[in-house]
1. Let me confirm something: among Ala81, Ala105, which residue is at pLDDT 65 or above and among the aliphatic types (A, V, I, L, M)?
2. Just to verify a result, which residue in segment 1-14, among those that are open to solvent by 100 Å² or more (accessible area, probe 1.4 Å) and either outside any loop (DSSP other than H, G, I, E, B) or at pLDDT 70 or above (or both), is nearest to Gln67 (Cα to Cα)?
3. I'd like to verify a number: residues in segment 53-62 that are closer than 20 Å to Leu15 by Cα and either over 13 Å from the mean Cα position of the chain (by Cα) or crowded, with 16+ Cβ neighbours inside 10 Å (or both), how many?
4. Considering segment 15-40 alone, what residues qualify as being of a type in the set (Gly, Ala, Ser) and either modelled with pLDDT of 90 or more or farther than 25 Å from Glu77 by Cβ (or both)?
Amino acid sequence: MWRYSSKAKPYAGRLTLLRTRQGSVLADSRDPTLHASETYGWERLVQGGIDVIYAPGDHNTLLAPPQVASIANLLAERLAAAATRYVEFSGGASPATAVAPALMADGGRR
């Protein structure tokens, strides 16, 4: 985030931050205050709140098996929840409801 913080503008919405349970590349960041925070400094920009989700693995293994299946499920759950909120708010169907099951590692079969 430190690379973009001088150019970034505030974000009024809510953010989901995916963190790994093991280690972080931010340990050698130019701004040591960023990794001192659970949100890695995103609270400086995000005005609608931040949901921190912890995922298995570390920065280098996050998108490799077997962690990638967990990541896919976490993202699918978040998308499904967002789609449900959208449908409740708008009173109509959301395209996201069709996307979320396809992203699940098990193909949406639960």
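The values are calculated or read from the model by the stated rules, or taken from the named source; none is laboratory data. Nothing here was measured: the structure is a model prediction, and the numbers come from that model. Because the Cβ atoms are built from the backbone with ideal geometry, glycine has one as well, and the counts that use them run over all protein chains shown. What goes into the accessible areas is simple: the full protein's heavy atoms, side chains included, and nothing from ligands, DNA or RNA. Shrake-Rupley method; radii C 1.70, N 1.55, O 1.52, S 1.80 Å.
1. Working: Ala105 fails: at pLDDT 65 or above.
The conditions single out Ala81.
2. The residue in question is Arg14.
3. So in segment 53-62, the residues closer than 20 Å to Leu15 by Cα come out as 53-56, 59, 62.
Narrowing further to those that are either over 13 Å from the mean Cα position of the chain (by Cα) or crowded, with 16+ Cβ neighbours inside 10 Å (or both): 55-56, 59, 62.
Selection size over segment 53-62: 4.
4. Ala27, Ser29, Ala36, listed by residue number.
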